[in-house]
Amino acid sequence: MITFTPLSGAAQSSTTSPLAYLLQVDDVRILIDCGSPDWSPEPSPFEQSTSEQEEQPPSWTEYAETLERLAPTIDLVLLSHGDLAHCGLYPWAYSRWGLKAPAYSTLPVQATGRIAATEDVEGIRDEHDVKDPAPETKENGDEAAERASKSPSPSPPPPTNTKGKCIASVIEVQDAFDSLNTLRYSQPTHLQGKCQGLTITPFNAGHTLGGTIWKIRSPSSGTILYAVNVNHTKERHLDGTVLIRQAAGGIFEPLARPDLLITDADRVPVISSRRKDRDAALIDTITSTLSSRSSLLMPCDSSTRILELLVLLDQHWNFSRLRYPICLLSRTGREMLTFVRSMMEWMGGTISKEDVGEEGGNSRHNKRRRDDDNEDEALGAFALRFKHLEFFPNPQALLQTYSSKDPKLILAVPASLSHGPSRNLFVDFAAIPDNVVLLTGRGAEDTLARALFDKWNNSQRAEDKWDKGKIGRNVMMDGSIKLTMHRKVPLAGLELELFQQKEQAARDKEAAHQALLARNQRMLEADEDDSDSDDSDSDADEEDEVRRELGGGDAMDADGDGKNDEGRENKRKVDKGMDGDWLDGDEGLTKQLLSYDIYLKGNVSKSTSFFKNTGQSQRFRMFPYVEKKRRVDDYGETIDVGMWLRKGKALEEEAESEDMKDYKKRALAEEDAKKAVREPPSKYVSNEIEIQLACRVLFVDMEGLNDGRAVKTIVPQVNPRKMIIVHAPRSAAEALIEACNSIRSMTKDIYAPQVGESIQIGQQTNSFSINISDELLASLKISRFEDNEIAYVRGLVAAHATSTIPTLEPISSSAVQIDPAAPVKPLIPRMLGARPQVPLPHSTMIGELKLTALKSRLASVGVQAELIGEGVLICGTATSSESFGGSVAVRKVGKGKIELEGNVSEVYYTVRREIYNLHALVAA
């Protein structure tokens, strides 16, 4: 049985992202995608927000609570795309919520997801004081200490609204994505453990680098196909999805006719404009704006769709020989391009055929230049060089290089304009006339990017809106808006002095704590040394007495224990010796060779007697020898503490050897943190600013997704037996359901569940093992059907002591038990000469009749047959009617129903016999 529950991104919902779905196949719970919302939502600045809207809890509260509750019970995790909407919350769930189930993705999804999550958490932590929970383990404590050393915050911290935000640390992001298991396209993987029996296979989905369509095969539930955010169109850096083959003109055979299809319908009402029109509008806007000495701001993501934009821009810069800079504001931009250059086998489109990144469009000239320069670089590294692209980590670095008056194209992250460089640039950028904000995506809900898109779309004419297949015009923004800005500023003046005083007090407290720990450690080591040498209290006293004898009688303190400062000093003097020769002891300790003399001088120790009247007697000096005594208690020899300590240390070393890989990685991270330049003390502030809008806004759809026409064409060709619609507003889901219902051959079992609504498909099945006795097996009437042998079995299950598996035995008269409480049926008198009543066996025919297969079988026995359409096969032609006696019509009237029409003749019986031969006849 299959149970599907949307955790977020359901159909018939106003919020279609992020994407996260719980799929339960029998007893296996699978989490498909684990996206994160935008953690800085805000109402539209163009609309007046009410107090009720501000007091509402965040939209992700229910999603986060549900995923936190389900995370420890998940058995398998599948990630389909490498953007925040599909895998942004996985690091937090992995490190904080116990989502330790095996996770699978393709190699590009692992890398792009890591880059996107790292960029997101670093950008948010630079603007908000993210309060991490108290560390429960040593590792979390190290991470918190590292963050505190990098970005200390003053006391008391400023009030920030970070309630409910799941912002992981950079180390948690790295650990989470390192735990992913990477697969290649079309690589079937047979799972083990609790997921044994399941087979998962990734296929190319398009849209993003490494984007995946997951095929899940279960022996009991059939084939499940998860295909969301699919693009069938070939782009510059990617091939279209493998789901539909343009050359073959149909669906890819391994993905056709699944038992369950899970797909999205977000863009079903959308009619996309032609690709060349979109590219022309984008390029023309950029060229005209730069030529007029103005600049453009293009918000973009950090790892996925930005690649298509970079390739397009670089090709245009090379062809037009433009000299304007292309500036990328991203902390992870260089890392992203370095990875992409190493993953050329995952890319396609035209990038593998053109020398993108070299000047000019003459590929022959570029090849000659490479040969002349003796460069051994691969085509992929050469094609993705992007020589016009410049990287900047923050807006301050950009302003230090280029003035605000210099014309330039700026690509800034994130695409939502909710935080980070793109939002900071927009504040100054929007107030300059003739500047253009170029949107390539609609943005997430409740973000500044979505507000700008809605403003632009509402300003278009009805026939020029973005979903009507037309390219709209740019819109001049006017009026003023208010935005809340968050930033981190360094401390100064009295705040800095108070912070330094508190930091010094914390260091002093930590130093005292470390000194106390060191003292306790020395005491424990001393106790271990005493237990290893089998000393007793008397042995210790005698050794102390000998030391006092050698060092002088002044070593005794007031309590007589010889542990005052003078005693320690005398001990050091005795250990120092005269000749200065050093030896290594048995325990690895460095000891000094002492020269003993019977005529040692010094104070004579005094001994007391049991008798009070004896007085004090003098004890003469003797050779310093200590007699070791076995320490015993009332029950025998005491426990050797040192042995247990050594055993525990050995176990710790064994555990450390298993975790050596993680230890080395964290050691390197700590070393890098020590080498990093420590940031000055800072605090987080928030202020509301008013912006006078004077720029222009234009939207060009570069999301790279199927539109409504493609979805309505591909889904019927896939022809699933059942379908679930996700990631779509109510109108889009209803439009796709209506389109599928209008197709006669399309399934009518289509579901569009809401968030938290569970859809059950199929029935719960249980499998049991049983043996068939030889006597019963010999009495079976077996029929062959294709490659199987089928028979009807009726018997009694008996358990034997010699076997753990029950045995099915035939029913005999002796085995039937008569219930004495059952009523006795009266005997029916039988008429003379009548036969006893015998129940007739019930026959079952197994199989599905295919008229093409029946036609070929009839041709082999000499009966001609022709298909006349509408599921009718005419058997026996005019030439054969003389010998066989007529013709017969075979008609399929429904599933499992066949009609045979014709005269009673040899053709009739021949056709009926061949129909029976195509089925397995099982008699009860």
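Any read-out appearing in this document is the output of simple, stated calculations on the displayed coordinates, not a laboratory observation. The model shown is predicted, which means the values in this text are computed figures rather than measured ones. All Cβ positions, glycine included, derive from the backbone under ideal geometry; neighbour counts span all protein chains shown.
Among residues other than ARG69 with Cβ under 14 Å from its Cβ, the summed charge is -1 (Lys and Arg +1, Asp and Glu -1). Of the residues TRP97, TRP317, TRP92, the one with the fewest other Cβ atoms within 10 Å heads the list, and the complete ranking is TRP97, TRP317, TRP92. Of the peptides 329-335, 485-491, the order by per-residue mean of other Cβ atoms within 10 Å, starting with the highest, comes out as 329-335, 485-491.
Each other residue within a Cβ distance under 10 Å of PRO188 adds +1 if Lys or Arg and -1 if Asp or Glu, for a net charge of +2.
Panel order for PHE319, PHE203, PHE768, by other beta carbons found within 10 Å of each beta carbon, from fewest to most: PHE768, PHE319, PHE203.
Measuring against 29 Å, Cα to Cα, the residue pairs LYS194/LYS895; LYS722/LYS855; LYS100/LYS165 contain LYS194/LYS895; LYS722/LYS855 as the ones spanning a longer distance. Among ASP707, ASP406, what is the fewest-to-most ranking by other Cβ atoms within 10 Å? Lowest count first: ASP406, ASP707. Computed from backbone phi, the HN-Hα couplings of region 230-239 come to 9, 10, 8, 8, 6, 10, 6, 10, 9, 7 Hz, rounded to whole numbers (Karplus: 6.51 cos²θ - 1.76 cosθ + 1.60, θ = phi - 60°; Gly and Pro given as x). If you sort the three axes of the alpha carbon gyration tensor as a ≥ b ≥ c, you get a/c of 1.5 or more for region 205-250 and a/b no higher than b/c, which makes it oblate.
Where does the charge balance sit around TRP97 when Lys and Arg score +1, Asp and Glu -1, over other residues with C-beta under 12 Å from its C-beta? Residues near TRP97 contribute 0 overall.
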